[in-house]
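The values are calculated or read from the model by the stated rules, or taken from the named source; none is laboratory data. Treat the numbers as computed from the prediction; the structure is a model and nothing was measured. Cβ placement follows ideal geometry from the backbone for every residue including glycine, while neighbour counts extend to all protein chains displayed.
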Amino acid sequence: MGFHYTLRENPRARRINVTVRRDGTVWVTKPRRASLRDVERFVEQCGEWITRAQQKLSKLPKTTRIEPSKKEYEKYKSAARELVLRRISHFNSFYRASFSKVVIRNQKSRWGSCSRSGTLSFNYRLVFLPPHLVDYIVVHELCHLHEMNHSKRFWALVGRIVPDHLNCRKEIRTLERGLLHGS
């Protein structure tokens, strides 16, 4: 089962990564040390997953892709801020975490992040996600204020509010091919 794919080399990559974009194209990122033979073997091992991902993405409505333009960012930034602040307020009544500020960004590859100084950053495209995924992302970042890692303790904190966090992560990975990376 041979797949046509676009290969990119990234010196910061630690492992070979396969991405199926919203349009069904397959992109492979490899570290410098990985050979073309390693890449071909890995892509073949991912064959069933690639096929399933292409099938899932082909069923998504075409309107979920948001152009990562400055114009779109400016249009939705305040709505994203309002949404995020409302959800932080709701969930922080449970976590009681202190943070310095909330920032809405036009990020290409992240839904959210938390800095050591307590800044919570969120992608403006959150406004296009289903509410349960917005909640998961907000909870995830709030939990980083207590645990700046992805340890068992961190996931236990997330699981208190979002017991279905594993499925949320899978769902986000499928959606992000269209919303973050475009096609």
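Matching residues to (1) exposed (fewer than 12 other Cβ atoms within 10 Å of the Cβ); (2) at pLDDT 90 or above; (3) not assigned by TED's automatic domain parsing to the domain that holds Pro130:
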{"position": "Val18", "(1), (2), (3)": "no, no, yes"}
{"position": "Ala34", "(1), (2), (3)": "no, yes, yes"}
{"position": "Arg52", "(1), (2), (3)": "no, no, yes"}
{"position": "Lys77", "(1), (2), (3)": "no, yes, no"}
{"position": "Leu83", "(1), (2), (3)": "no, yes, no"}
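Across the stretch 134-150, the number of residues qualifying as hydroxyl-bearing (Ser, Thr, Tyr) and either surrounded by fewer than 22 Cβ atoms within 10 Å (Cβ to Cβ) or not assigned by TED's automatic domain parsing to the domain that holds Ser113 (or both) comes to 0. Which condition breaks for Leu57 when tested against (1) assigned to a helix (DSSP H, G or I); (2) in contact with a Lys or Arg (Cβ under 7 Å, 6 or more places away or on another chain); (3) at pLDDT 85 or above? Among (1) assigned to a helix (DSSP H, G or I); (2) in contact with a Lys or Arg (Cβ under 7 Å, 6 or more places away or on another chain); (3) at pLDDT 85 or above, Leu57 violates only (3).
The set of residues in the stretch 109-127 that are of a type in the set (D, E, K, R) and surrounded by 15 or more Cβ atoms within 10 Å (Cβ to Cβ) contains only Arg125.
Please work out if Gly112 is of a type in the set (Gly, Ala, Ser) and under 30 Å from Ser58 (Cβ atoms). Here the answer is yes, as Gly112 does meet what is asked. Listed by position, the strands (runs of 3 or more DSSP E) inside the stretch 81-183 whose residues that are farther than 30 Å from Asp23 by Cα number at least 2 are 101-105, 119-123. Taking Asn106 as the residue in question, decide whether it is under 18 Å from Ser69 (Cβ atoms), surrounded by 18 or more Cβ atoms within 10 Å (Cβ to Cβ), under 14 Å from the mean Cα position of the chain (by Cα) and not charged (D, E, K, R). Considered against the rule, which asks whether it is under 18 Å from Ser69 (Cβ atoms), surrounded by 18 or more Cβ atoms within 10 Å (Cβ to Cβ), under 14 Å from the mean Cα position of the chain (by Cα) and not charged (D, E, K, R), Asn106 comes out as no. Does Ser98 meet the test of being more than 18 Å from the chain's Cα centre (by Cα), surrounded by fewer than 18 Cβ atoms within 10 Å (Cβ to Cβ) and either polar (S, T, N, Q) or not assigned by TED's automatic domain parsing to the domain that holds Val20 (or both)? Yes: the conditions hold for Ser98.
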